[in-house]
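First up is the structure itself, then whatever we jot down about it.
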Amino acid sequence: MDAMAKTSTTTQGLRTAIERSGYYPALVAEAVEAAVGGEPIRSYLVHQETTFDQNEVRRHVTVLVLTGNRFIVSHTDEQAADGTSPTPYATTSTESVKLGRISSVVVSRVVANPEQYVPGTLPREVVLTIGWGAVSRIDLEPAACGDPNCEADHGYTGSSTADDLSLRVSEAGDGPETVRQALAFAQAISEATADLTR
């Protein structure tokens, strides 16, 4: 299969995945396609999440796209009618990040019965965390010394963590195909960012 045919297949696969999510597909597809432009798509992941907010059910979809030069993140949320709008509405945002800005790709896998693990077995859950420096979380706590009777002020200690994107998929909630896609996307973005350091 030549590169042009593969690009067409990948683009159609992304459109199909967005439509299959059933979450405002025309709106989501338009936003993602506008952000991607004419670049060939190397990999993608579509993840829909349903959350419960008091007595309301809210849906959210995240679309991740990897091109040759960029990582594109799209979020679409639905909102109930409120003081700013008499009708329900949706908000869609896209962010385009140059691959060279990605500082970390973390893949956490949860497997059942690890003593019986067979290579290639699908994890029960995957958490993909990607950092590029746009958002950081700082956790601080009072510093202390080793003396349990010391009452001096030792300032604070803490850690700063890149927290730009964290996406959790599970076999039970999202299905095995979404877990497979999350792993494939994680591998593709890891390889793409590794290529930049060579």
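Nearest 10 degrees is fine. How inclined is helix 25-36 to the longest principal axis of the chain, computing both from alpha carbons?
80
So what is the 222 nm mean residue ellipticity for the chain from helices alone, if each DSSP H run of at least 4 adds -39500 (n - 2.57) and you divide by all residues, rounding to the nearest 500 deg cm²/dmol?
That calculation yields -9500 deg cm²/dmol at 222 nm.
What length, rounded to one decimal in nm, is gained on full extension from Glu78 through to Thr91, with 0.36 nm per residue of separation minus their alpha-carbon distance?
Extending this stretch completely gives an extra 4.0 nm.
Can you tell me the dipole magnitude for the range 1-98 around its Cα centre, using point charges on the Cβ only (Lys, Arg +1; Asp, Glu -1), in Debye to the nearest 20?
Roughly 420 debye for the range 1-98.
From the residues Thr84, Gly13, Val63, which one has its Cα farthest along the dipole of the range 1-98 in the positive direction, the dipole being from +1 and -1 charges on Cβ of Lys/Arg and Asp/Glu about the Cα centre?
Selected residue: Gly13.
Amide H to amide H, which residues 5 or more places from Ala90 or on other chains are under 5 Å from it, using H placed in the peptide plane?
Counting only residues 5 or more places away or on other chains, the set is Gln79.
Along the charge dipole of the range 86-138, pointing to its positive end and built from +1/-1 on Cβ of Lys, Arg, Asp and Glu, which listed residue (Val127, Thr94, Val111) has its Cα farthest out?
Projecting each Cα onto the dipole axis, the largest value belongs to Thr94.
What net charge is computed for the residues neighbouring Arg15, neighbours being all others with C-beta under 14 Å from the C-beta of Arg15, Lys and Arg scored +1, Asp and Glu -1? Could you put the intermediate results ahead of the total?
On the way: positive: Arg20; negative: Glu19, Glu30, Glu33.
Surrounding charge for Arg15 is -2.
Under the classification rounded if a/c is under 1.5, otherwise prolate if a/b is larger than b/c and oblate if not, where does the range 1-118 fall, given a ≥ b ≥ c as square roots of the Cα gyration tensor eigenvalues?
oblate
Given +1 on the Cβ of Lys and Arg, -1 on the Cβ of Asp and Glu, and no further charges, what dipole in debye does the chain carry about its Cα centre, rounded to the nearest 20?
With only Lys, Arg, Asp and Glu charged at Cβ, the dipole is about 880 debye.
In whole percent, how big is the carbon plus sulfur part of the accessible area of the chain, probe 1.4 Å, protein atoms only?
Answer for the chain: carbon and sulfur cover 50 percent of the accessible area.
Just to verify a number: FRET efficiency for Thr11 and Ala194, C-beta to C-beta distance, R0 = 25 Å, to 0.05?
0.55
Over the chain, give the accessible area per residue in Å² for a 1.4 Å probe, as an integer.
60
I need the shape label for the chain. Rule: rounded when a/c is under 1.5, else prolate if a/b > b/c, else oblate, with a, b, c from the alpha carbon gyration tensor. Intermediate values should be presented prior to the final figure.
On the way: a/c = 1.69, a/b = 1.36, b/c = 1.24.
Since a/c reaches 1.5 and a/b is larger than b/c, the shape of the chain is classed as prolate.
The values are calculated or read from the model by the stated rules, or taken from the named source; none is laboratory data. For clarity, every value in this text was computed on a predicted model and none was experimentally measured. Please note: Cβ atoms are built from the backbone with ideal geometry, for glycine as well, and neighbour counts cover all protein chains shown. Heavy atoms of the whole protein, side chains included, go into the accessibility calculation; ligands, DNA and RNA do not. Shrake-Rupley method; radii C 1.70, N 1.55, O 1.52, S 1.80 Å.
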